[in-house]
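Chemist: Before I ask anything, let me first share the structure, which is written out below as structure tokens.
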Amino acid sequence: MERQPGVSGTLNLLIGLAMGLNLLALGSSRLPSLIRTVSVQGMVLGVMPLLLEHGRFDWAVALVALATMAGKGVLIPALLRRAMRAANIEREIEPSIGFIPSLLLGAGGTISAVALAGALPLLPEHAGSLLVPGAIASVLTGFILLIGRTKAISQVCGYLILENGIYIFGMLLIRSTPLLVESGILLDLTVGVFVIGIIVDRIQRAFDSLDTRHLTTLRE
Amino acid sequence: MTQSLLFIAGLILRLAFWLMLAPLLPGIINKVKAWVAGRRGPPLLQLYYDLAKLWQKETVLSTSASPAFVAGPAVAWVALAGAALLLPLGPAGAALSFRGDALLLIYLLALARFCTAWAAMETGSAFEGMGTAREVSYAVLIEAAIIAAVLSLSIQTGSISLAVMLSPTSGAGAALLAAGLFTVLLAENCRVPFDDPNTHLELTMIHEAMVLDHSGPPLAVILHGASIKLLLCAVLLTEAVLPMRGLAPLPAAGALVAGILAVTAGVGLVESLLARFAFRRVPLLLTTAFLLCLFALLIAWKGNPA
């Protein structure tokens, strides 16, 4: 399996873009811009399977790419925006880890992901690509957003970025993973976001706020 | 004998280039801003008139100020002019070039900042103390970004001499470096997202608050030094990003001038289209600039495993 340098360069550029979007997500202080960042990242990742199939056109891969772009780039952000409007919350994100510390954590995570990937025993065809560091960095960014933000919707965005990281890992195995698994993950994700949208509405009605810090005590 | 005469002549020509052309840049920025706003704007040479006027005025000295009140701006101006001489001018090369002059450039910029801050605090005015505190605290982040940028250039070329270092490669690293250095340029010269050079509202001023008590020739020296710094940052940004090593002297000089003009127009556009950021947002933007330079460093390091 020989990868042309041009294709590999474009792929690395896309993953680099996704890594930059990770940091943008960590630094953005408003919900709409966070949602937009996540949707752009989903679109960028959606293009990737087409690039891996250099030259040849595969219906299954094209379908995965199209479904990913539609799902992550359009459908899920629309659901999140709808939940945001329905719950009528303010758009400022209240971080429990500040923007600068989380940005520095994310940058540190990205750099150590690149360093770690250099130490891993990868297949020779994956050694030069950013697939593995990009995946690890996205998973770390997702964790930071999940831990460091208090609003339920921004935590959902963290979860989406985490899933994007897992999706980049999946790119390594695109030829051996059946289409069914890919579409299953995507469907799960969409349903998950749908359910979270409903839950967000419920939380908002019950507590007058989406702050998950209020949800720490159980009551009868 | 002729060798040293040629060297001195070159030095004087270069110094004349930096000192005479520097006040033009703020004029260009103001023209761009006026053009976007649909005004006629101040004349292109406004800063020259201002400097000439200030030079003829008398200096008002506070009774509490020590001689450093006047010496500070003078030392800062000399440091900035010296830093400018270290920077190669496209095909003409640098006046002085030796191993490690990149470090001297960073330290001369820091010395200039220190002297301005010192002179600002001489009168004991609260506003100037406030402006100094802001300037110095932002400088911590700006310098981190500059050092990361210089390191990435030095790793790319395996040298710490500015004349060799400023031969950039194209690609993602250059784009990151350009974005990072442009943000540094805006912050370092107190342009709009960080500080508004036109504002005279004490609560929001940074650089302007530092020079409130200066008048006459010292103020002229400070303003001229600031314009040298702007030109220096523009030249550094252009040469760090635009690959013009292979060009013939004339196109290379043209590319350098075009690059400087593009950077200046970019500053004017940013200034017209963006509002000043709130203070608590500024460190975030500066950290972003630092990270951009850091990732350029990472790319240089990964791309050059030797």
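Chemist: Please list, by residue number, every one of the trypsin sites (Lys or Arg not before Pro) in segment B:217-306 that is coil in DSSP and has at most 15 other beta-carbon atoms within 10 Å.
Modeler: Details: sites: B:Lys229, B:Arg245, B:Arg276, B:Arg280, B:Arg281, B:Lys302; in loops: B:Arg245, B:Arg276.
In loop regions of segment B:217-306 (DSSP not H, G, I, E or B), the sparsely surrounded trypsin sites (Lys or Arg not before Pro) are B:Arg245.
Chemist: Now for a separate question. With a 10 Å cut-off between alpha carbons and a GNM built on chain A, which of A:Pro124, A:Pro95, A:Pro77 moves the most?
Modeler: In the Gaussian network model the winner is A:Pro124.
Chemist: Could I ask something else about it? For a quick size check, give me the Cα extents of segment B:70-185 along its three principal axes, largest first, whole Å.
Modeler: 48, 30, 19
Chemist: Related question: What does the highest-first list of B:66-72, B:263-269 look like by mean Cβ count within 10 Å?
Modeler: B:263-269, B:66-72
Chemist: What does the structure give for B:278-291 when I average, per residue, the other chain Cβ atoms found within 10 Å of the residue Cβ?
Modeler: The shielding value for this peptide is 3.
Chemist: Mind checking segment B:87-191 for trypsin sites (Lys or Arg not before Pro) that DSSP puts in a loop (not H, G, I, E or B) and that have at most 12 other Cβ atoms within 10 Å?
Modeler: B:Arg99
Chemist: In degrees, nearest 10, range 0 to 90: what is the angle between the Cα axis of helix B:24-37 and the longest Cα principal axis of chain B?
Modeler: Approximately 80 degrees, to the nearest ten.
Chemist: Compute the long axis of helix A:99-119 from its Cα atoms, compare it with the longest principal axis of the Cα atoms of chain A, and write down the angle in degrees, 0 to 90, nearest 10.
Modeler: 30 degrees
Chemist: Based on C-alpha coordinates, I'd like the Rg and Dmax of segment B:1-146, in Å.
Modeler: In Å, with Rg to one decimal and Dmax whole: 18.5, 56.
Chemist: What per residue convex hull volume, in Å³, comes out for the protein assembly as shown when only alpha-carbon positions are used?
Modeler: Dividing the Cα hull volume of the protein assembly as shown by its residues yields 199 Å³.
Chemist: Taking the Cα centre of the protein assembly as shown as the origin and placing charges on Cβ (Lys, Arg +1; Asp, Glu -1), which of B:Ile147, B:Val211, B:Ala265 is farthest toward the positive end of the dipole?
Modeler: B:Ala265
Chemist: If each residue of separation counts as 0.36 nm, what is the full-extension length gain between B:Ala175 and B:Leu45 once their alpha-carbon separation is subtracted?
Modeler: 43.5 nm
Chemist: Let me ask something else. Can you put A:Met19, B:Met1, A:Met69, B:Met20 in order, fewest other beta carbons within 10 Å first? Can you show the working numbers first?
Modeler: Working: A:Met19 24, B:Met1 5, A:Met69 19, B:Met20 10.
Ascending number of Cβ neighbours within 10 Å: B:Met1, B:Met20, A:Met69, A:Met19.
Chemist: Using only the alpha-carbon atoms, how far is helix B:46-56 inclined from the longest principal axis of chain B? Give it as 0 to 90 degrees, nearest 10.
Modeler: 50 degrees
Chemist: Nearest 0.05, what FRET efficiency do B:Ile12 and B:Arg99 give at R0 = 30 Å with Cβ-Cβ as r? Please list the in-between numbers first.
Modeler: Numbers: r = 25 Å, r/R0 = 0.83.
The computed FRET efficiency comes out at 0.75.
Chemist: Under 28 Å from the Cα of B:Lys33, which lysines turn up, not counting those fewer than eight places away in the same chain?
Modeler: Qualifying lysines at Cα under 28 Å: B:Lys53, B:Lys229.
Chemist: For chain A, what number results from the quotient of the Cα radius of gyration and 2.2 N^0.38 Å?
Modeler: That works out to 1.05 for chain A.
Chemist: Express the Stokes-Einstein translational diffusion coefficient of segment B:47-303 in µm² s⁻¹, to the nearest whole number, given a Kirkwood radius over alpha-carbon pairs, 4 °C and a viscosity of 1.567 mPa s.
Modeler: Diffusion coefficient, whole number: 69 µm²/s.
Chemist: Run the paramagnetic zone check for A:Thr216: 7 angstrom along Cα to Cβ, then residues of segment A:141-164 with backbone nitrogen under 13 Å.
Modeler: Within reach of a label on A:Thr216: A:150.
Chemist: If you average the alpha carbon positions of segment A:184-215 and of segment B:56-84, how far apart do those two centres end up, in angstrom?
Modeler: Their Cα centres are 62 Å away from one another.
Chemist: Can you compute the FRET efficiency between A:His126 and A:Leu187 using 1/(1 + (r/R0)^6), with r the Cβ-Cβ distance and R0 = 35 Å? Round to the nearest 0.05.
Modeler: The value I calculate is 0.80.
Chemist: A follow-up question, please. Using a simple spin-label model with points 7 Å from Cα along the Cα→Cβ vector, what separation in nm is obtained for B:Lys302 and B:Gln3?
Modeler: In this crude label model, B:Lys302 to B:Gln3 measures out at 4.7 nm.
Chemist: So what is the relative contact order for segment A:86-146, in percent, with contacts set as C-alpha pairs under 8 Å and at least six apart?
Modeler: Relative CO of segment A:86-146 lands at 42 percent.
Chemist: Also, I was wondering about something else. With springs only between Cα atoms under 10 Å, which of A:Val61, A:Val195, A:Val139 fluctuates most in a Gaussian network model of chain A?
Modeler: With Cα springs under 10 Å in chain A, the top fluctuation among A:Val61, A:Val195, A:Val139 is at A:Val195.
Chemist: In nm, give the distance between the simple-model label positions of B:Glu58 and A:Leu66, each being 7 Å from the Cα along the Cα-to-Cβ direction.
Modeler: 8.4 nm
Chemist: Also, quick follow-up: Please report how far the C-alpha centroid of segment A:90-144 lies from that of segment B:129-170, rounded to the nearest whole angstrom.
Modeler: What the calculation gives is 24 Å, centre to centre.
Chemist: Another question, if that's okay. Which values of log₁₀ I(q)/I(0), to two decimal places, follow from the Debye formula for segment B:85-147 at q = 0.30 Å⁻¹ with a uniform point scatterer at every Cα?
Modeler: The Debye formula, applied to the Cα set alone, gives -1.20.
Chemist: Based on the Cβ-Cβ distance of A:Arg202 and B:Ser137, what FRET efficiency does E = 1/(1 + (r/R0)^6) give at R0 = 51 Å, to the nearest 0.05?
Modeler: 0.70
Chemist: For peptide A:165-172, how many partner chain Cβ atoms fall within 10 Å of a residue's Cβ, on average? Mind showing how you got there, number by number?
Modeler: Values: counts 0, 0, 0, 0, 0, 0, 0, 0.
Counting other chains' Cβ atoms within 10 Å and averaging over A:165-172 gives 0.
Chemist: Compute the distance in nm between two label points, each set 7 Å from the Cα along the Cα-to-Cβ direction, one at A:Glu94 and one at B:Phe277.
Modeler: Placing both labels 7 Å along Cα→Cβ, they lie 2.4 nm apart.
Read the figures in this text as sums done on the coordinates, not as results from a lab. Predicted model, so just to flag it, every value in this text is computed and none were measured. Backbone-built Cβ (ideal geometry, glycine too); neighbour counts: all protein chains shown.
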